[in-house]
Every structure is written in C-alpha cells, then in structure tokens.
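Single-structure report; data block below.
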Amino acid sequence: MEVLYTVQVSFRQHILQPEPFLVVGMIAVTRRILVLTAELSNLAQENETGFRNAMIELGLLTLLIVALVLSLRMLRQRDRGTTDQA
C-alpha cells in the first residue's frame, strides 16, 4: 500500500524521486526484522537449522537496512550540495 501511494505521488508531481522508495524499503525491512525476532524463540525450539537460517536472514536484513540508510543519506547530501551551489 505504501509503495502504491509513493508511486501515485510521484506521478502527480511528474518527478520520480528515490527517497520515498528508500524509506518504504526501510519500513519493510524493519517489519521483517520484527517478525523474525518474534518467531525466533519458536525456531530455536524446533531445530538448529531453522534457527541458523533465521540468524543469517537477520544478518542480511541488518546489512540491507544499513545500505538503505547510507543511500538515503548520500542522496540527501547530494541534494543539499546542489541547492548550495544554485
């Protein structure tokens, strides 16, 4: 739903800006991290393989959120730099 709203706003403004999509991606990753950590105790009790896979996924999601935050920060610094030069 959030992605559709972001696309709708982009079409209205006739500008495709990456920042809203990065924010939506960060929200989706954060939600998945919360769901995964809530299920972690059940996975640990079931078997070791499921727990190991969940920990790997949690690590990858953490790297993904760091990458999204860095991308958003670089885009905002770029926009601030072009505004200062104008």
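The values are calculated or read from the model by the stated rules, or taken from the named source; none is laboratory data. Computed from a predicted structure; not experimentally measured. Don't worry about glycine lacking a Cβ; one is built from the backbone with ideal geometry, like all the others, and counts go over all protein chains shown.
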Check your understanding: Restricting the search to the stretch 49-74, which residues are free of Cβ contacts under 8 Å to residues at least 24 places away in the same chain, among the β-branched types (Val, Ile, Thr) and over 11 Å from residue 26 (Cβ atoms)?
Key -> 49, 56
Review point. What single numbered condition from (1) modelled with pLDDT of 95 or more; (2) loosely packed, with under 13 Cβ neighbours inside 10 Å fails to hold for residue 67?
Key: (2)
Study note, to complete from the structure: Residues in the stretch 8-22 that are under 30 Å from residue 56 (Cβ atoms) and either surrounded by fewer than 15 Cβ atoms within 10 Å (Cβ to Cβ) or of a type in the set (Lys, Arg) (or both) total 2
Point to revise | All positions within the stretch 1-33 that are closer than 22 Å to residue 74 by Cβ and at pLDDT 85 or above | key: 22, 23, 24, 25, 26, 27, 28, 29, 30
Review point. Condition test on residue 36, is it surrounded by 14 or more Cβ atoms within 10 Å (Cβ to Cβ), in a helix (DSSP H, G or I) and at pLDDT 85 or above?
Key: yes
